[in-house]
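One structure is given here, and the rest of the page talks about it.
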Amino acid sequence: MIDLLGEISFAGCNRVIIHSESFSPEFFDLRTGVAGDILQKFSNYRMKLAIVGDFSHLTSKSWRDFIRESNRGRSVNFLSSVEEAVSVL
């Protein structure tokens, strides 16, 4: 992920859209800390991130809260379509 962020930053980009299928299953298990680590890296690089996908399988209250709080901020958004992501970014 660091390499990706470095390449994107070097190219002068500060906004990224990633499909949820691109993340490992560990990302969607909050106990692993993978989601927090990745999202923190985007924040550190001052990159806006839109994660696009169907998040209906994330039924835990923790994930729902995580998505809601992320979507309130300006750095990371969980969205259902690329079109929605483009308009938010």
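Here, each number is a calculation from the coordinates, and none is a lab measurement. Remember, predicted model here, so these are calculated numbers, not experimental data. Please note: Cβ atoms are built from the backbone with ideal geometry, for glycine as well, and neighbour counts cover all protein chains shown.
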Dipole in debye (nearest 20) - the chain, about Cα centre, beta carbon charges: Lys, Arg +1; Asp, Glu -1: 420
Between N71 and F28, what length in nm is gained on full extension when 0.36 nm per residue of separation is reduced by their alpha carbon distance? 13.9 nm
Prolate/oblate/rounded label for the range 49-89 (Cα gyration tensor, a/c 1.5): oblate
Return a whole-number percent for the relative contact order of the chain, with Cα pairs under 8 Å and 6 or more residues apart as the contact set. 30
Nearest 500 deg cm²/dmol is fine: what mean residue ellipticity at 222 nm does the chain get from its DSSP H runs of n ≥ 4 alone, each adding -39,500 (n - 2.57), divided by its residue count? -12500 deg cm²/dmol
DSSP beta bridges in the chain: the antiparallel percent, rounded to 5, is 0
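Tell me whether the range 25-64 comes out rounded, prolate or oblate; compute the Cα gyration tensor, take square roots of the eigenvalues as a ≥ b ≥ c, and use a/c under 1.5 as the rounded threshold.
Judged from the Cα gyration tensor, the range 25-64 comes out oblate (a/c at least 1.5, b/c at or above a/b).
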Given a Förster radius of 22 Å and the C-beta distance between S80 and F10 as r, what FRET efficiency does 1/(1 + (r/R0)^6) yield to the nearest 0.05? 0.15
